[in-house]
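The values are calculated or read from the model by the stated rules, or taken from the named source; none is laboratory data. Here the structure is a predicted model, which is why all the values come from computation and not from measurement. With ideal geometry, Cβ positions are generated from the backbone for all residues, glycine too; neighbour counts draw on all protein chains shown. All accessible areas refer to the heavy atoms of the entire protein, side chains included, with ligands and DNA or RNA removed. Shrake-Rupley method; radii C 1.70, N 1.55, O 1.52, S 1.80 Å.
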Amino acid sequence: MPGPQTLRQRTVGEWSFTSGQSYASPFAGVLVEAVFTGPDGREAVMPAVYDGNATWRVRINPGEGG
């Protein structure tokens, strides 16, 4: 999993995660979430979406830089 990174305000960040395991129903049977923490300590939990080939992607467009 990637380490901490910084995004500018209103810039879209995207990360992908690939599983070494296959799932019968990755759209419904797997939950992948990422927790983003802003400079003020507030957390945003964002769901990832399945993109095929055992890959999930998560995006965030933060309201503040950090």
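Pairs under 6 Å by beta carbon, first residue farther than 14 Å from SER16 by Cα in the range 27-54, partner of a type outside the set (A, V, I, L, M, F, W, C) and part of a loop (DSSP other than H, G, I, E, B), six or more apart or different chains?
GLY29/TYR23; VAL30/TYR23; GLY38/GLU64; GLY38/GLY66; PRO39/GLY66
Got a number for residues in the range 7-33 being open to solvent by 60 Å² or more (accessible area, probe 1.4 Å), more than 14 Å from the chain's Cα centre (by Cα) and more than 12 Å from ALA54 (Cβ to Cβ)?
7
If you check ARG57 against the conditions, is it open to solvent by 90 Å² or more (accessible area, probe 1.4 Å) and of a type in the set (Lys, Arg)?
It is false that ARG57 is open to solvent by 90 Å² or more (accessible area, probe 1.4 Å) and of a type in the set (Lys, Arg).
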